[in-house]
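Scroll down for the structure; my scribbles are underneath it.
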Amino acid sequence: MHLKAFTAGGYKWKTIVYPKGRDSGKYNSISLYIMAADMEIISPASTWTSFPKIYYGWQKFIDLKALHDDAKGFLLKDTCIVEAEITVLGIVNKLQ
């Protein structure tokens, strides 16, 4: 398992990568997840937050055979770069 921390929308997050898969993707896929690293808000404010799940992602993000297939071009010198866009939705007016 590999973890990488980052900040988006005023929150701390982690990406979690299982290079040999997890659960139904074990041994045949890369599993990739994102989770809130810390429920504390980086910029303190009076807010209400809800994280209905601990993490979001895919048990079968990419098939290992496809990843290692040179014709598909996912790997360059044993490196695969995954980019993601994170959108944190907020409430403009707080609940009364």
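The values are calculated or read from the model by the stated rules, or taken from the named source; none is laboratory data. Values in this document were obtained by computation on a predicted structure and should not be read as measured data. All Cβ positions, even for glycine, are placed from backbone atoms using ideal geometry, and neighbour counts span all protein chains on display.
Here are some notes:
- Boolean, residue 33 is farther than 17 Å from residue 85 by Cα, modelled with pLDDT of 85 or more and touching a strand residue (DSSP E or B) at 6+ places or on another chain (Cβ under 7 Å): no
- Of the candidates 56, 27, the single residue that is under 15 Å from residue 1 (Cα atoms) and at pLDDT 65 or above is 27.
- Residues that are at pLDDT below 85 and surrounded by 15 or more Cβ atoms within 10 Å (Cβ to Cβ) do occur in the stretch 9-21, at least one of them.
- Inter-residue pairs, beta-carbon under 8 Å, first on the phi < 0 side of the Ramachandran plot and modelled with pLDDT of 80 or more and in the stretch 67-96, second surrounded by 10 or more Cβ atoms within 10 Å (Cβ to Cβ) and of a type in the set (Gly, Ala, Ser), 6+ apart: 72/66; 74/66
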